[in-house]
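Written below as structure tokens is the structure these notes are about.
Nothing in this text is a laboratory measurement; each read-out follows from the coordinates by a stated rule. All values reported here derive from a predicted model rather than from experimental measurement. Cβ coordinates were reconstructed from backbone atoms using ideal geometry, including for glycine residues, and neighbour counts include every protein chain displayed.
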Amino acid sequence: MRDSLRQLVLTRFREFGREPEAVFWSLAFPILLTVGLGIAFRNRPAEVVHVAVIGDSAAVAHAITALNASKAVAAEHLPDADARLALRTGRIALVVNARGANRMEYEYDETRDDARTARLLVDDAIQRGGGRSDPVAVSQRFIREPGSRYIDFVVPGLLGMGLMGNGIWGIGFPVVDARRKGLLKRFMATPMSRAEYLASFVISRFALLIIEIFLLVGFSALAFGVPLRGSFIELTLVCALGALAFGALGLLIAARPRTVEGASGLMNLAMMPMWILSGVFFSSENFPRAIQPFIQALPLTAVNDALRANMLRGAGLGVVGPELAIIAAWFVGCFLIALRLFRWR
Amino acid sequence: MTTALEIRDLCKSYGDVRAVSHLDLVVNTGECFGLLGPNGAGKTTTIEICEGLLAPDSGAVEVLGMRWDREERELRNALGIQLQETQLSDKLTVSETVRLFRSFYARGLTVDEVIALVQLEEKARSRVGTLSGGQKQRLAVACALVGDPKVLFLDEPTTGLDPQSRRQLWELIERFRSHGRTVVLTTHYMDEAEHLCDRVAIVDQGRVIALDTPRALIASLGAEHVVGFTVEGDRSPDDDALRALAGVTAVRHENGATELTSTELRLTVPALLGHLEQQRLRLSELTTHSATLEDVFVSLTGRHLRDA
């Protein structure tokens, strides 16, 4: 490597490593997010549904006996006003109004998932207590396989989000900062090669990228058993291509602004839609069909889909060809436009 | 004598504002040449065109006989440039910064040599962010010196520095020049131009309005000294009577004070005191100083360098 390129790359590492905040946000933050989400959405034994019973006292006692016979329901007798307050504040999911021995009324918010679940469980318990027997014999088997849990879904999304954030910030911020300080202009006054200056960002990004992948994938495999079913080399290639695309997008955003404030506005404008639409925390399939072509064309959607295909399904690069093509198109397009617009002073 | 820099009929406008207007200059090899003028006179625009950082609207620039559109790479390697208001990266140390700049040049001094040249040996391992203003400016000059340049361009090298730091920087520039290298600098400090420069071009509104050695420019005033005074009360002496005093060549008024330029202080001061006595005017302040480039600028434009 030429000494000038080596010095530029070293400068990138020094400036990054001597900024503790940058290290935290780009390397430690995704891990913390994984821990938080892993704990919040870990698979727990089915929860007990809390309900209240009101109404005619003989009927109430009867209902409570029937309800508490079910392991899935916890029922208590409350005065009318207290029961309705508890329902409004969400402490209980449903109120059973026992109007008579064989007449029950369920009060609940039918738009809430937990209330609808409570309705099914409560009704089942009440009907059984009333003597219902099932005409069809049913048995069940529980399947909790790594790969289908929320944590398995979210880790590739976080990896993709990290690639985007670090690519756009990691290149956009130092470039705009150097322009603001007059440093870009100062470099232009030396024989420095512009290509080497840009290459130094690419090289330092790739080095950090490897660390990012190892940390996040390694940590989530150890702590949560998140699977890595595809080839690690191919996963790294997908990440590298994604990093190039997001780096080029960062370079495009940083092509002209003279202030860090102006650039951060543009960066947020570029990243916000992808945080929401590109399937980081929940599937992008949730959005209306009409905007799906737009969502599928976003680089982060393509990166996330390709990462999930590799990690969760063990798919090879051939399977994610369309996604790779979208990512490559973003890289080439952004890079060419960025070079045209770039203000070297 | 060979030519280090030649500027012919240079023009540059920003929108409607003419920053540089038909400017011609020749700087000889081995001299320290100063562009002196107030802020906004077009000094920075001129020097940045010479440095190949700005394109002129019209006119030609040759540095060391080379042109920016043909021999940019050779020129970049042959020049040392310090810009106004560059903030070097705070996160790097002094020696890391010099090493980075050194790596851009095909040949040049070693990192240690340059750091010794600007007397920052003790700070070599310190972060740039911890340096004082004067030390940062010396580091900026160090970055301009790493390629062992034939021509050094300095844009307002001592603006905002304390007197001691200015002295240190002046010595540094003089040492560089003593090796037969060429220095082109801009400044709005007349004392800096007088101290450092072999020749000075006084620039105002994008034009060269005077060009000579500092001594010759001052001599062109036709007077070596300036006598300033104020009197009590609202009456002031008559200008014609003052002009008639011994040794006086010119009279002008400045913020309520009167300034006389004089060829002979020992004649003018007693004559002035006698005249005021006779007019029953009481002196409240009297100053004298040797004429400077500031006085040259004032006599040429009617304005001061600082507030022009």
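Tabulated values for the structure
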read-out	value
Folded to 0 to 90 degrees: helix B:94-104 orientation relative to chain B principal axis, Cα	70 degrees
Theoretical FRET efficiency, 1/(1+(r/R0)^6), r = Cβ-Cβ of residue B:148 and residue A:29, R0 45 Å, to 0.05	0.45
Ascending count of other beta-carbon atoms within 10 Å, so fewest first, for A:70, B:13	B:13, A:70
Degrees between helix B:133-145 axis and first principal axis of chain B (Cα, 0 to 90, nearest 10)	50 degrees
Exposure proxy ranking, count of Cβ atoms within 10 Å, fewest first, for B:17, A:136, A:332	A:136, B:17, A:332
Size-normalised alpha-carbon gyration radius of segment B:1-147, reference 2.2 N^0.38 Å	1.16
Longest to shortest principal axis, alpha-carbon extents of segment A:272-311, angstrom	28, 17, 16
Label-point gap, in nm, between residue A:294 and residue B:285 - each point 7 angstrom along Cα→Cβ	7.0 nm
Estimated distance in nm for a label pair at residue A:41 and residue B:215, the labels positioned 7 Å out from Cα along Cα-to-Cβ	8.4 nm
Solvent-free Debye scattering, log10 I(q)/I(0), computed from the Cα coordinates of segment A:222-334 at q = 0.11, 0.16, 0.23 Å⁻¹	-0.40, -0.80, -1.28
Helix-derived mean residue ellipticity, 222 nm - over chain A, DSSP H n ≥ 4, -39500 (n - 2.57), to 500	-21000 deg cm²/dmol
Length gained when the stretch residue A:88-residue A:116 is fully extended (0.36 nm per residue, less Cα-Cα span)	8.6 nm
Whole-number D in µm² s⁻¹ for chain A, Kirkwood Cα-pair radius fed into Stokes-Einstein, 10 °C, 1.306 mPa s	66 µm²/s
Principal-axis tilt of helix B:163-178 within chain B, Cα atoms, nearest 10 degrees	60 degrees
Using alpha carbons only: equivalent-ellipsoid semi-axes of segment B:234-291, gyration tensor based, whole Å	16, 13, 11
Cα gyration tensor shape of segment B:167-295, rounded if a/c is under 1.5, else prolate or oblate by comparing a/b with b/c	prolate
Using alpha carbons only: equivalent-ellipsoid semi-axes of the protein assembly as shown, gyration tensor based, whole Å	79, 33, 20
Cα-based Rg and Dmax for segment A:177-261, where Dmax is the largest Cα-Cα distance (Å)	17.3, 53
Within a Gaussian network of chain A (alpha carbon springs, distance under 10 Å), most fluctuating of A:196, A:110, A:323	A:110
Per-selection metrics, segment A:186-235 (Cα): Rg and Dmax in Å	17.5, 53
For chain B: Kirkwood Rh in Å [reciprocal of mean 1/r, alpha carbons]	21.4 Å
Shape of segment A:1-158, Cα gyration tensor, a/c cut at 1.5	prolate
Cα-only Debye scattering, segment B:37-111: base-10 log of I(q)/I(0) at q = 0.12, 0.26 Å⁻¹	-0.46, -1.22
Spacing of the two label points (7 Å from each Cα toward its C-beta) at residue B:304 and residue B:235, in nm	2.9 nm
Helix runs (DSSP H) in chain A reaching 18 Å along axis by Cα, Kyte-Doolittle at least -1.0	A:3-17, A:113-129, A:150-180, A:194-224, A:232-253, A:260-277, A:299-313, A:321-341
FRET efficiency, residue A:80 to residue A:286 (Cβ-Cβ, R0 35 Å, nearest 0.05)	0.35
Exposure proxy ranking, count of Cβ atoms within 10 Å, fewest first, for A:197, B:14	B:14, A:197
Estimated FRET transfer efficiency (residue B:257, residue B:191; beta-carbon r; R0 22 Å; 0.05)	0.60
Where only C-alpha atoms are counted, convex hull volume of segment A:86-241 per residue in Å³	206 Å³
Selected from A:68, A:166, A:268 as most flexible by GNM, with chain A as the system and alpha-carbon contacts under 10 Å	A:68
Gaussian network model of chain A, Cα within-10 Å springs - most flexible of A:293, A:257, A:322	A:293
Cα gyration tensor shape for segment A:106-147, rounded if a/c is under 1.5, else prolate or oblate	oblate
Surrounding net charge for residue A:260, when Lys and Arg each add one and Asp and Glu each subtract one, Cβ distance under 11 Å	+2
